[in-house]
Each structure stands twice: as C-alpha cells, then as structure tokens.
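Working notes for the structure below.
The values are calculated or read from the model by the stated rules, or taken from the named source; none is laboratory data. For clarity, every value in this text was computed on a predicted model and none was experimentally measured. Cβ coordinates were reconstructed from backbone atoms using ideal geometry, including for glycine residues, and neighbour counts include every protein chain displayed.
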Amino acid sequence: MKARLVLAALTLLLAQAAAHAADKVRVVAQRTGTLAWELDVVKHHDLAGKAGLDIEVTMLASPLAQKVALKSGNADVIVADWLWVARERALGGALMIYPYSSAVGGLLVPPGSKVTTLADLKGRKIGVGGGAIDKSWILLRALAARQGVVFTRDSDLSYGAPPLISEKARQREFDAVLNYWNFSAQLQAEGFTQLLDMVDVEKALGAKGAVAMLGYVFEDAWSRANRARTDAFLSVMKQAKDILSRSDDEWRRIAPLVQAGDEKMLIALRDSYRAGVPRRPVADEAQDAATLFKVLVETGGPNLAGPAVELDRAMFYVTQSGS
C-alpha cells in the first residue's frame, strides 16, 4: 500500500512538473528595451501566473544576440522587425511575427533651425541612428527621392549607434537627425522639433495607418505545437500594454527601469510609447507591411531582404480569436 501511495505521489509530481514545463515561454529581451519594461509589469501584476504561464526571461545586451538565441533554439520569443523575419523566411527560415509596436520616431531638427522641408537638407549634415540599412532611413530616403532629394548624393551623412547620434545632435553637429523613437522622444523633450513623423512618411508611401515595424517573433513550428500557449502569452503581453497605456502611476513605478532622468523625459517616453501600441487588425498590418516592403526593396536594394521580392503575408500570426 505504502509503495502504491509513493508511486501515486511521484506520478502526480511528475505530471505537475510536465504541466509546468509545457506552460513555459522562454523570452529573450534587450536589457534596456521596452520589452523589459513590459515584462516587469507582467511580473509585478502576476499576469503570467494568472494566465497559467511561466514566462522565463533572459536579458541580453543586443538585438543580434536575441536573434541568435531564437535561431539556436535557446528562446521561444523575441522582439524583432518584420523585415528581418521576411528575409529569414525568404532564406528558408520558418518564423512568424505578431505586431508589437509602431513607434519609430521621426526626423528632428535642433532648436532654432531654419530647416522646414526635406529640400532644405540639401548640402546639410544628417545623423542617422542604426546605420545605412535602417528601415526608417530607407523609407525617408524613398520619400525624399520622390521630392527630388537624393540624400546619399545631396547631403553629408553620418551613421552611428543611437546613443552616439543623439549625443552629437545635442552638440549641434547635425542639421537634422533620424533616430529610434525613444531617443527621438528624449531629444524632443530637450527642445528639438520634429520635422517629419515617420508615421506620416509611411502613409505618404502608401500605408493606410501606423505600421507596427516591430513584432513578437517565434518559430512557426513552436507556435503550431503550442497554439494555446502562444495565444495566452500574447494576451498577457497585451494586458501589460493596456496597463502602461492607461496608468500614469505604473510609469512612475517603472521609472528607475526606464531611466528617463527626470519627470519631463519620463512623460515624453510614456506618450511616445503609448502612441506606438498597435490597435489595428493583423490583416491591416500585413497589407501595409507588404506595401512598404516593396518600397524598402526598391530603395534599399536586393540584399536588404534576400531573394524575396514580395512580402509573404502568411508570416503574420493570427490568434485563434482572430486578433
């Protein structure tokens, strides 16, 4: 009898352990990114626990490290852009993406600048965060070209890491700067003026609304084998976004993690983050992404997206509820 009881208890423990493992989602995030903020909200409010999930978080220093972790099987979910997903799929990878954020920043000019149009930037210095193949930069180049301005020919360009570009902008080394949304929000809080919002650039190039350039990315096989778990994870992250979208107190709580520096900067980051929360159907996101993909390939060249000439809309994940 005692042996049977021990066996039954062991079986129960093994079953519980298996169930716990089955509900685990391994997320790799950038230590200083917005996903880290959201995961902190998830932990603080026990959103994963309430959904029966065990979200295992690993913080890494760079986006490249996150991609390596996903492709090597050491992560289930990361945040990356759909251009990378499209390229991976074109090269034979089976990745899926679900909208994460449409926050992409804009083209800024320093206080007192006389620059009011893209044409005014001919012969001037432009700082670009993220490098020559940054998506926003390529889209901005495409729009400028339609207005007769070829930045790679007509302007003095400097590329660099986003923090460096912002610092040089503060030192007035550039007549205009294009940087990631959080760095753009910081510069605007310091008095820089937004000459052009990247959402307006996207719309001018054919998009119907703000496009979520970043998304949660995971293997197709993983999501198929764990459909309920995938949907539960996305629901939990949506709850975190909802909290950050409506609660100013929550932003004050995570202020040390955001490292805004002061209240004005925190508010600027908060408002920019909220503006980038996706609220459109996935089908609309996929349609606009396909439109912008063509522009990116035409402007950025064939090496930008590998052998793909059109965006595979099937790469956009749709939950079982249709969202």
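When residue 70 is tested against (1) touching a helix residue (DSSP H, G or I) at 6+ places or on another chain (Cβ under 7 Å); (2) of a type in the set (A, V, I, L, M); (3) within 18 Å of residue 215 (Cβ to Cβ), only condition (1) is not met.
Among the residues of the stretch 31-51, those that are free of Cβ contacts under 8 Å to residues at least 40 places away in the same chain, on the phi < 0 side of the Ramachandran plot and either buried (at least 17 other Cβ atoms within 10 Å of the Cβ) or more than 18 Å from the chain's Cα centre (by Cα) (or both) comprise 43, 49, 50. For the stretch 217-229, filtering for residues that are surrounded by fewer than 23 Cβ atoms within 10 Å (Cβ to Cβ) and either outside any helix (DSSP H, G or I) or outside the structural domain of residue 280 (by TED's automatic domain parsing) (or both) leaves 2. Condition check for residue 121 on (1) surrounded by fewer than 19 Cβ atoms within 10 Å (Cβ to Cβ); (2) touching a residue at least 12 places away in the same chain (Cβ under 8 Å): one failure, at (1). Without any contact (Cβ under 8 Å) to a residue 12 or more places away in the chain and hydroxyl-bearing (Ser, Thr, Tyr) - does that describe any residue in the stretch 148-155? Among the residues of the stretch 148-155, at least one is without any contact (Cβ under 8 Å) to a residue 12 or more places away in the chain and hydroxyl-bearing (Ser, Thr, Tyr), which makes the answer yes. Residues in the stretch 163-197 that are part of a strand (DSSP E or B), over 16 Å from residue 275 (Cα atoms) and in contact with a helix residue (DSSP H, G or I) (Cβ under 9 Å, 6 or more places away or on another chain): 176, 177, 178, 195.
Within the stretch 272-288, residues that are more than 15 Å from residue 216 (Cβ to Cβ) sit with their Cβ atoms under 7 Å from residues that are aliphatic (A, V, I, L, M), at 6+ positions apart or across chains, in these pairs: 272/103; 272/185; 273/103; 273/244; 275/103; 288/207; 288/211. Checked against the criterion of being surrounded by fewer than 20 Cβ atoms within 10 Å (Cβ to Cβ) and more than 30 Å from residue 318 (Cα to Cα), the candidates 110, 163 yield just one match: 163.
When 26, 87 are checked against the criterion of being among the basic types (Lys, Arg), at pLDDT 95 or above and surrounded by 15 or more Cβ atoms within 10 Å (Cβ to Cβ), a single residue qualifies: 26.
If a residue must be hydrophobic (A, V, I, L, M, F, W, C), under 14 Å from residue 278 (Cα atoms) and in contact with a strand residue (DSSP E or B) (Cβ under 7 Å, 6 or more places away or on another chain), how many such residues does the stretch 198-236 contain? Within the stretch 198-236, residues that are hydrophobic (A, V, I, L, M, F, W, C), under 14 Å from residue 278 (Cα atoms) and in contact with a strand residue (DSSP E or B) (Cβ under 7 Å, 6 or more places away or on another chain) number 4.
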